[in-house]
Each structure stands twice: as structure tokens, then as C-alpha cells.
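Below is one structure, written out as C-alpha cells, with a few remarks after it.
The values are calculated or read from the model by the stated rules, or taken from the named source; none is laboratory data. All of these numbers come straight from a predicted model, not from anything done at the bench. So basically every Cβ, Gly included, is an ideal-geometry build from the backbone, and we count neighbours across all protein chains shown.
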Amino acid sequence: MDVKAKSLHEAIALLNQGRNLPMSDVKNTPPPPAVAGIVGQAQEANTGISLLVTLKYQSLSGNLKERDILIRRVIRNKTELYLDGVAMDIRAPRLIQVSRIREIRDITTGRIYTNPFEFVETRLGVHPVGQSAAATPAQKKNDFAQVIERTGHEMTVLMYLVAIDGKRDKSERDTVFKYIRSRTPDLTYPDSDLEEYLISLAPDTESFTAALGQVLKEEKSVVQLFVEAILDVIMVDGRVDDRERSFLVRLMSILEQDGYEITLPL
């Protein structure tokens, strides 16, 4: 393991000490052959999501199931979309074909979606281009879908940071809200959409890791703003938790190894 990877894993370990949604007991069981074939041929459409929802869906055996699922990523196989996540009742991975979903309920807000493709587009930032004729397409792409596409990974990382001290402070969430608004001045969307999305995020370690990796691929100007937002979230409540301090130190180390010259507004 190289130094960068080691630093990242150490940062994640420190952060995970304060998580209120532990996922370390998720079963690492091999997927059935049919599912393994899907994953092997698939491409990620979005990753690092961490939205907690209740799904009603038709299983491969034809039975109607209802489960609480932590959605981690969306993958595309030929013309189909799949939600990849964790079934919270059995702490095991689940891969669910979007066209088999009959209803999605956002656990935090209570909002219900009967069109799963609308949910995938407007809440997960994945436009269902190329769906089969049998699929029900989402409505015309709206501005909030573009918010997710542009800043979804940043929101995942920042909301992970909000919860690392064991609580989700409103002032910290409001700071994330203002940052995302500043990153999307050209888009028109209700404040309630962004507020509900931030409340619904429940980032676990795997989603945090995936999201952070994507953020660090952005232009340096975006990474600079992102680091400043991290500092704002840490400082807004007037105290610095040890886990927050450790996270910032590790992140700066990773950035320096990648050649970033990040300045902090201190």
C-alpha cells in the first residue's frame, strides 16, 4: 500500500469512530452468478451516494419485496439501470433492477416516488438515457438533477464530516447548504429540495471513500473551494472535534501528495 492510500485509510478509520450508521458488519458474501455477470459488465453511472430509502420491488423470483436500502451507487448494464446498496435488515449487499421497482419512499422526508426513473434522475443525478421501450422514462431533466451531477460527491463527503462527532448539527448542515448554493448559482431549484436531500444523506465509509475519490478528480479551483467548505463546516459550531482535526490533517496530506497547493483562509 502506498503512502497516499495509507493516509486515506487512516483518515477513514478516524472518521468511522464517530459514525452513527456502522456498516462494518455488512456480509461480504459472493453474489449469485446472474448478479455477478451484471456487475462484471456494468459501468458506474454514479457512486458515493448514501441515500436511505424503502424500496418495494419485484425480486428475480417474482415476489414483491419491501426493504430499507442504503443506496451506494447506480450502475448501468447495456440498457438497464441498477441500484447497488445494502439491505439494512440483513446487512447484506443488494443489486436491484430499477425497472422492477414499484415504489420508493425517502425514509427521512417521507416523500414517495412511484416512477423509479424519476427518482434516479432527480435524486441520484442519473439521466436514464437508452432505457428500453418498456421502461417508464423520467420527466424532462430538471435543475436539481444537475445539482446532484455537479456537487453530489461533495455533499456526500461534507455530510459524512457533519456526522463524525456523533451528531448532525443543524449549523453544520446549513453551512453545507450555503456552499452547495454557491456552487450552483446558475441553477434554479427550491431550497426544500436541497434541504431534504442533505437530511436524507446517510454516508457510510464505502460511499464516503468513493465520493472523496471523485471530488479529488475535479479541477483544482473546485478542490480549493471544497477544502474551504470543509474548514467552514468544522469551525461553524465554535469547536474542533479531534476527529475533525485529524480528518483535515489527513486530507491536506493527501492533497499535497497529489501536487495541490491549497491555501486555507486562516
Legend entry - The lone exception for Val35 - which of (1) modelled with pLDDT under 80; (2) over 23 Å from the mean Cα position of the chain (by Cα) it fails: (2)
Inset, instruction - Filter region 38-83 down to the residues that are among the small types (Gly, Ala, Ser), on the phi < 0 side of the Ramachandran plot and modelled with pLDDT of 80 or more, then identify the one that is surrounded by the most Cβ atoms within 10 Å (Cβ to Cβ). - result: Ser59
Inset, instruction - Return yes when Asp232 is under 27 Å from Gly85 (Cα atoms), assigned to a helix (DSSP H, G or I), in contact with a Ser or Thr (Cβ under 9 Å, 6 or more places away or on another chain) and touching a residue at least 40 places away in the same chain (Cβ under 8 Å) and no when it is not. - result: no
Inset, instruction - Of all residues in region 67-97, count the ones that are under 22 Å from Asp143 (Cα atoms) and in contact with a Leu (Cβ under 7 Å, 6 or more places away or on another chain). - result: 2
Legend entry - Any chance Ile148 is buried (at least 20 other Cβ atoms within 10 Å of the Cβ), among the β-branched types (Val, Ile, Thr), part of a loop (DSSP other than H, G, I, E, B) and under 18 Å from the mean Cα position of the chain (by Cα): no
